[in-house]
1. Please indicate, with yes or no, whether at least one residue in the stretch 241-257 is of a type in the set (Val, Ile, Thr), part of a helix (DSSP H, G or I), at pLDDT below 65 and open to solvent by 70 Å² or more (accessible area, probe 1.4 Å).
2. If you take the residues of the stretch 186-225 that are assigned to a loop (DSSP other than H, G, I, E, B) and at pLDDT 90 or above, which of them is farthest from the chain's Cα centre (by Cα)?
3. Can you name the residue in the stretch 63-117 that is open to solvent by 80 Å² or more (accessible area, probe 1.4 Å) and among the small types (Gly, Ala, Ser) and, of all such residues, is farthest from TYR135 (Cα to Cα)?
4. What's the total number of residues in the stretch 131-152 that are in contact with a helix residue (DSSP H, G or I) (Cβ under 8 Å, 6 or more places away or on another chain), open to solvent by 80 Å² or more (accessible area, probe 1.4 Å) and assigned to a helix (DSSP H, G or I)?
5. Can you name every residue in the stretch 144-163 that is free of Cβ contacts under 8 Å to residues at least 12 places away in the same chain and within 15 Å of the chain's Cα centre (by Cα)?
6. Would you pick out the residues in the stretch 167-186 that are surrounded by 19 or more Cβ atoms within 10 Å (Cβ to Cβ) and over 23 Å from ARG128 (Cβ atoms)?
7. Are any of the residues in the stretch 88-104 under 16 Å from PRO186 (Cα atoms) and not hydroxyl-bearing (Ser, Thr, Tyr)?
8. May I ask you to list pairs of residues, at least six apart or on different chains, whose Cβ atoms are under 8 Å apart, with the first in the stretch 164-178 being within 16 Å of ILE206 (Cα to Cα) and the second being assigned to a helix (DSSP H, G or I) and of a type in the set (Gly, Ala, Ser)?
Amino acid sequence: MKCKHCDFENLDQATYCSGCGKPLNESNDVVTQSKNFETKNRRILISVMSILGIGLAMIIAWMILRPNQLELAKEAYQSDDLTAYENVESKLSKEQKTEFDAYLIEEAQSIFDAFKSDGLFYKEAVRRLEKIKLYVIQTDEVNTIMTQLESLNSSRQAYNEGKSWIEAKEWDNAKASFEAVLPLDPNYDFALRYLESIQRWQLQEIGAKALDYLEQEDYEKAVNEIMKGLEIDPTNETLLNIKQTIQDALNTPPVIEEAPQEQPKGLGEMIKDGLQAIGDGIKSFFDGSWLEN
């Protein structure tokens with residue numbers, strides 16, 4: 001093999017030139033070096049990727065296994081452990097705090113709905129809402145729900161008072177109570193019906209009193225009752241008819257009855273009276289009473 005650098009003739013199996021010592025096959029040597037470099041780089045790349053993969057897996061595992069602060073906050077609220085919640089609160093992110101508030105507000109609304117449907121007593125509903133206020137961050141919405149609860153409770157009390165006033169026939173008090181029932185109260189429609197009925201019952205009672213006074217010919221009291229009723233319903237036909245009857249009675253002149261004339265006694269009555277007088281005289285003679293006269 002002839003060296004291309006010095007033209008020295010070398011054996012065919014020679015790798016380096018015996019004349020100048022340079023490689024006889026430089027192209028093969030470059031390829032070999034290139035392959036060695038690639039192999040080395042591939043190993044390095046594989047090592048780096050392995051390290052990155054292990055790191056990523058550790059990060060994912062940490063994210064999966066790390067404590068969820070939001071869930072811990074919910075657990076603290078549900079178990080009513082305020083100390084545990086205070087330890088978690090500082091670790092909540094801004095998004096988690098917003099989500100936790102939304103969770104508590106939903107809880108507060110469910111408490112109000114339970115009270116509204118008679119599924120929860122008033123005192124218990126208040127106690128639960130007060131508990132939520134210890135955990136919630138933004139209290140405005142919970143305070144609004146608390147106000148609605150108070151209003152609904154007052155409305156229910158007014159409704160029950162109205163029914164009691166009806167039993168006592170205290171119509172004005174019953175009206176005032178039913179008028180205080182709020183639209184958010186499930187009893188609101190019933191309150192409106194009671195208000196409609198109260199006027200009818202009140203007018204019936206007034207009409208009955210007026211008729212009683214009319215029968216007793218106590219026209220002044222009858223008129224007073226009628227005027228009360230007409231203030232409520234000026235077009236009430238029953239009261240207007242009673243009023244007209246009283247006016248007719250007052251405008252009609254009284255009928256003077258003549259005293260019956262004494263009729264002359266007949267002969268039989270005269271005889272009867274005479275016999276009675278004789279009998280009385282005989283009786284007084286025998287018992288001595290005639291001597292006293």
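The values are calculated or read from the model by the stated rules, or taken from the named source; none is laboratory data. Since the structure is predicted, the reported quantities are computational estimates derived from the model, not experimental observations. FYI the Cβ positions are ideal-geometry reconstructions off the backbone, even for glycines, and counts take in every protein chain you see. The area values use the complete protein model at the heavy-atom level, side chains included, leaving out ligands, DNA and RNA. Shrake-Rupley method; radii C 1.70, N 1.55, O 1.52, S 1.80 Å.
1. Checked the stretch 241-257: no residue is of a type in the set (Val, Ile, Thr), part of a helix (DSSP H, G or I), at pLDDT below 65 and open to solvent by 70 Å² or more (accessible area, probe 1.4 Å).
2. Looking at residues that are assigned to a loop (DSSP other than H, G, I, E, B) and at pLDDT 90 or above, I get ASN187.
3. In this case the residue turns out to be SER117.
4. Going through the stretch 131-152 one residue at a time, the tally reaches 2.
5. THR144, THR147, GLU150, GLN157
6. Of everything in the stretch 167-186, those that are surrounded by 19 or more Cβ atoms within 10 Å (Cβ to Cβ) and over 23 Å from ARG128 (Cβ atoms) turn out to be ALA174, SER177, PHE178, VAL181.
7. No: the stretch 88-104 contains no residue that is under 16 Å from PRO186 (Cα atoms) and not hydroxyl-bearing (Ser, Thr, Tyr).
8. ILE166/ALA174
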